[in-house]
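The values are calculated or read from the model by the stated rules, or taken from the named source; none is laboratory data. Everything numeric in this text was worked out from a predicted model, so none of it was measured. We place every Cβ from the backbone using ideal geometry, glycine too, and count neighbours over all the protein chains shown. With ligands, DNA and RNA removed, areas are computed over all heavy atoms of the protein, side chains included. Shrake-Rupley method; radii C 1.70, N 1.55, O 1.52, S 1.80 Å.
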Amino acid sequence: MITDSASPRREELLRSLGVEFTIVPSDATELHDAQLTARETAQLNASRKARAVAKHSPEALVIGADTLVYLGTKLFGKPADPDDARRMLGELQGKTHEVVTGVCFMHLESHRCEIFCETTSVTFHPLTPEQIRARQLRSVRPDHDDPPIAEGVTWKDLAPAVKFELKSLSTENAEFVGDHLAMASALIDSDPET
């Protein structure tokens, strides 16, 4: 199986299903046409992405996906930079927006194609500018600045209440933060005076 998406969330979902897959990013250009609904646009783009990858591997099952965020009739694309992301979060906070995901399963060799779409309503609680900045900082991890984690120290050693709090993060970020919390705890336990 091949997926066109390098999305960490989609990768995590496929791994949780125990599916073996390869990531091959699609070079298809995403289309946005004011004459199409969000559902039509997401499905069209998912199909275009799947086909672009499937042309090179017609024997493989290819999954193409496209996710769009709409507030009313306004489309939100991927943020260009951190300032753009803050602006978008500022617009979405305190409101309900729609997350529309189109999915295409394509197997060119057998001439089979299934396309569908799911829409989810998401409501953000009101956020202050400080909360928006804090949310952004939680998602940024400059790897070159990561302190070392001792062998055998893992987030799995944390108290259940702490692990529960980490559930609000993506799996990758939760494990990253959890490992560092466990390391800090181990250092404090080994020398509380420091």
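For ASP84, the accessible area of its heavy atoms, probed at 1.4 Å with every protein chain present, is near 30 square angstrom.
Using a cut-off of 13 Å between beta-carbons, work out the net charge of the residues near ARG112 (Lys and Arg +1, Asp and Glu -1, ARG112 not included).
Values: positive: ARG51; negative: GLU59, GLU109, GLU114.
Its environment carries a net charge of -2.
What's the FRET efficiency of LEU13 with THR96 using the Cβ-Cβ distance as r and R₀ = 22 Å, to the nearest 0.05? Mind dumping the intermediate values first?
Numbers: r = 24 Å, r/R0 = 1.07.
Computed FRET efficiency for LEU13 and THR96: 0.40.
Taking label points 7 Å from Cα along the Cα-to-Cβ direction, GLN131 and LEU71 give a separation of 1.4 nm.
Phi angles across segment 95-111 convert, under the Karplus curve 6.51 cos²θ - 1.76 cosθ + 1.60 with θ = phi - 60°, into 3J(HN,Hα) values of 10, 9, 10, 10, 10, 10, 10, x, 10, 10, 9, 10, 10, 5, 4, 9, 6 Hz, Gly and Pro given as x.
Sparse packing (at most 13 other Cβ atoms within 10 Å of the Cβ) combined with a DSSP loop state is found for the following trypsin sites (Lys or Arg not before Pro) in segment 37-86: LYS55.
May I ask which of LYS95/LYS156; LYS74/LYS156; LYS55/LYS156; LYS55/LYS78 have a Cα-Cα span longer than 32 Å here?
Values: LYS95/LYS156 35 Å; LYS74/LYS156 42 Å; LYS55/LYS156 43 Å; LYS55/LYS78 26 Å.
Those over the limit are LYS95/LYS156; LYS74/LYS156; LYS55/LYS156.
The loop-placed GluC sites (Glu not before Pro) in segment 1-42, going by DSSP, that have at most 12 neighbouring Cβ atoms within 10 Å of their Cβ come out as GLU20. Each Lys or Arg adds one and each Asp or Glu subtracts one; over the other residues with Cβ under 10 Å from the Cβ of GLY72, this totals +1.
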